[in-house]
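> Input: one structure, supplied below.
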């Protein structure tokens, strides 16, 4: 029986990884075209924020990202796209390996292969690779922030700052560091951010920099994409309500209550676990962002795995079921979303919300047993 179990996992791993590697053979990577041409446009006096004939979509990335992507422009776009995708796949595997190290779970195990297989078929991962998105790079930087959290305050702050400079994510971790009085990491992060912003002003035309900070950055707060792929609270409300005033009111109400509840949970924590709390804030960020496309949810790999490791130690069947539901809801993709009721089109949002509830309970030290027994105590009272 054991041999069948091991063989099944091995086959699942091989088939899943092969399906992931198919992304290397795509003819084009739509979002990567922006990464490829943005530096060339900026350094030749054009404004990439205004769009261009070579761009799949106009860019909203900070000017620093042009420096990050500039080396890719030395190759032709086809070869550069393949190289970028290969780097993304490599960093995806490296991220999962490091998350296992962070969680102090053996990598030489069938669990490691099973997890790699599960996330190789995870739609946000495949979507990121297929579009040529940068999200796996950001995941890797956040994982490195966590990996060096107790090893090197400078490196931890450095990798957090790179993540923010490239994608403006995750800003809530800066508030968290302030709340936890991790001033050294916070100061290093902010100093590095200021240095690189100054550096980008020196290399990228001033007009391009100013356009980003004056026009693009402020537009984030007025964006209401109703597309199925937007799975933040903004997308949920845009699909569910047509009246703009109602949407604005509900969004403000949800964001304030949800953000407040999240930080209350962190303040009242019973389980002191930086790993769990970092993943928790990633979930919060994704849910309250003006837009969180499905490919952004590749960042849930971190909280999903760290929560899994915690639950495997506690052997909580109920919580493991909730975690599985969260994984399934966030892993799915509806090819024809218009065929489904509106609420079903927000399945990723509800999957992430399920994970948020689960992690809230874990941070507060509430286990499945106490939840199951609480009604009995009330009856006895």
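> Within the stretch 204-236, track down each residue that is under 13 Å from residue 66 (Cα atoms) and either modelled with pLDDT under 90 or not in a helix (DSSP H, G or I) (or both). Walk me through how you get there before you give the answer.
If we filter the stretch 204-236 for residues that are under 13 Å from residue 66 (Cα atoms), which is where we start, we get 204-205, 208-209, 212.
Of everything in the stretch 204-236, those that are under 13 Å from residue 66 (Cα atoms) and either modelled with pLDDT under 90 or not in a helix (DSSP H, G or I) (or both) turn out to be 204, 205.
> While we're on this one: Just checking, how many residues over the stretch 38-57 are outside any helix (DSSP H, G or I), touching a helix residue (DSSP H, G or I) at 6+ places or on another chain (Cβ under 7 Å) and in contact (Cβ under 8 Å) with a residue 24 or more places away in the chain? Steps first, answer last, please.
First pass over the stretch 38-57, keeping only residues outside any helix (DSSP H, G or I): 44-47, 51-57.
Keeping just the survivors that are touching a helix residue (DSSP H, G or I) at 6+ places or on another chain (Cβ under 7 Å) gives 47, 52, 54-57.
Now narrow it down to the ones that are in contact (Cβ under 8 Å) with a residue 24 or more places away in the chain: 47, 56-57.
Selection size over the stretch 38-57: 3.
> Still on this structure: Could you look through the stretch 338-359, keep only residues that are more than 18 Å from the chain's Cα centre (by Cα) and part of a helix (DSSP H, G or I), and pick out the one that is surrounded by the most Cβ atoms within 10 Å (Cβ to Cβ)?
Start the filter on the stretch 338-359 by keeping residues that are more than 18 Å from the chain's Cα centre (by Cα), which leaves 338-345.
Then drop every residue that is not part of a helix (DSSP H, G or I), which leaves 338-339, 342-345.
Details: 338: 8, 339: 9, 342: 12, 343: 12, 344: 12, 345: 22.
Per the criteria, the residue is 345.
> What tally of residues in the stretch 318-337 results from selecting those that are without any contact (Cβ under 8 Å) to a residue 24 or more places away in the chain and either assigned to a helix (DSSP H, G or I) or surrounded by 12 or more Cβ atoms within 10 Å (Cβ to Cβ) (or both)?
4
> If only one of 30, 48, 39 is surrounded by 12 or more Cβ atoms within 10 Å (Cβ to Cβ), over 23 Å from the mean Cα position of the chain (by Cα) and closer than 21 Å to residue 85 by Cα, which one is it?
Details: 30 fails: over 23 Å from the mean Cα position of the chain (by Cα); 48 fails: closer than 21 Å to residue 85 by Cα.
Only one candidate passes the filter, namely 39.
> Which ones in the stretch 262-311 are surrounded by fewer than 18 Cβ atoms within 10 Å (Cβ to Cβ) and free of Cβ contacts under 8 Å to residues at least 60 places away in the same chain?
264, 272, listed by residue number.
> Of the residues 177, 118, 160, 144, only one is without any contact (Cβ under 8 Å) to a residue 24 or more places away in the chain and either at negative phi or outside the structural domain of residue 103 (by TED's automatic domain parsing) (or both); which? Don't jump to the end; show me each part of the working.
On the way: 118 fails: without any contact (Cβ under 8 Å) to a residue 24 or more places away in the chain; 160 fails: without any contact (Cβ under 8 Å) to a residue 24 or more places away in the chain; 144 fails: without any contact (Cβ under 8 Å) to a residue 24 or more places away in the chain.
One residue alone meets the criteria, 177.
> Between a residue in the stretch 12-37 that is in the same structural domain as residue 69 (by TED's automatic domain parsing) and over 21 Å from residue 70 (Cβ atoms) and any residue that is outside any helix (DSSP H, G or I) and at pLDDT 95 or above, which pairs come within a Cβ distance under 6 Å, given they are 6 or more apart or on different chains?
So the pair list comes out as 16/121.
> Is it fair to say residue 121 is loosely packed, with under 15 Cβ neighbours inside 10 Å and either at pLDDT 95 or above or under 21 Å from the mean Cα position of the chain (by Cα) (or both)?
Numbers: loosely packed, with under 15 Cβ neighbours inside 10 Å: no; either at pLDDT 95 or above or under 21 Å from the mean Cα position of the chain (by Cα) (or both): yes.
Considered against the rule, which asks whether it is loosely packed, with under 15 Cβ neighbours inside 10 Å and either at pLDDT 95 or above or under 21 Å from the mean Cα position of the chain (by Cα) (or both), residue 121 comes out as no.
> If you don't mind, another one. Quick check on residue 226: is it touching a helix residue (DSSP H, G or I) at 6+ places or on another chain (Cβ under 8 Å), surrounded by fewer than 22 Cβ atoms within 10 Å (Cβ to Cβ) and within 21 Å of residue 59 (Cα to Cα)? Spell out how you get there, then give the answer.
Working: touching a helix residue (DSSP H, G or I) at 6+ places or on another chain (Cβ under 8 Å): yes; surrounded by fewer than 22 Cβ atoms within 10 Å (Cβ to Cβ): yes; within 21 Å of residue 59 (Cα to Cα): yes.
Taking the combined requirement at face value, the residue satisfies it.
> Sort through 59, 128, 33 and tell me the only one that's closer than 30 Å to residue 193 by Cα and at pLDDT 95 or above. Outline the logic, then answer.
Working: 59 fails: at pLDDT 95 or above; 33 fails: at pLDDT 95 or above.
None of the others qualify; the one that does is 128.
> Mind telling me which of the residues 127, 164, 201, 159 ends up being touching a helix residue (DSSP H, G or I) at 6+ places or on another chain (Cβ under 8 Å), in a helix (DSSP H, G or I) and surrounded by fewer than 16 Cβ atoms within 10 Å (Cβ to Cβ)? Working first, answer last.
On the way: 127 fails: surrounded by fewer than 16 Cβ atoms within 10 Å (Cβ to Cβ); 164 fails: surrounded by fewer than 16 Cβ atoms within 10 Å (Cβ to Cβ); 159 fails: surrounded by fewer than 16 Cβ atoms within 10 Å (Cβ to Cβ).
Only one candidate passes the filter, namely 201.
> One residue is enough: does the stretch 136-153 have a residue meeting the conditions more than 17 Å from the chain's Cα centre (by Cα) and part of a helix (DSSP H, G or I)? Walk me through how you get there before you give the answer.
So the first thing to find is which residues in the stretch 136-153 are more than 17 Å from the chain's Cα centre (by Cα), and the list is 148-153.
Right, trim to part of a helix (DSSP H, G or I) and you get 153.
Scanning the stretch 136-153, I find at least one residue that is more than 17 Å from the chain's Cα centre (by Cα) and part of a helix (DSSP H, G or I), so the answer is yes.
The values are calculated or read from the model by the stated rules, or taken from the named source; none is laboratory data. None of these values were measured; they are calculated from a predicted model. Reconstructed Cβ throughout: ideal geometry from the backbone, glycine too, with neighbour counts over all protein chains shown.
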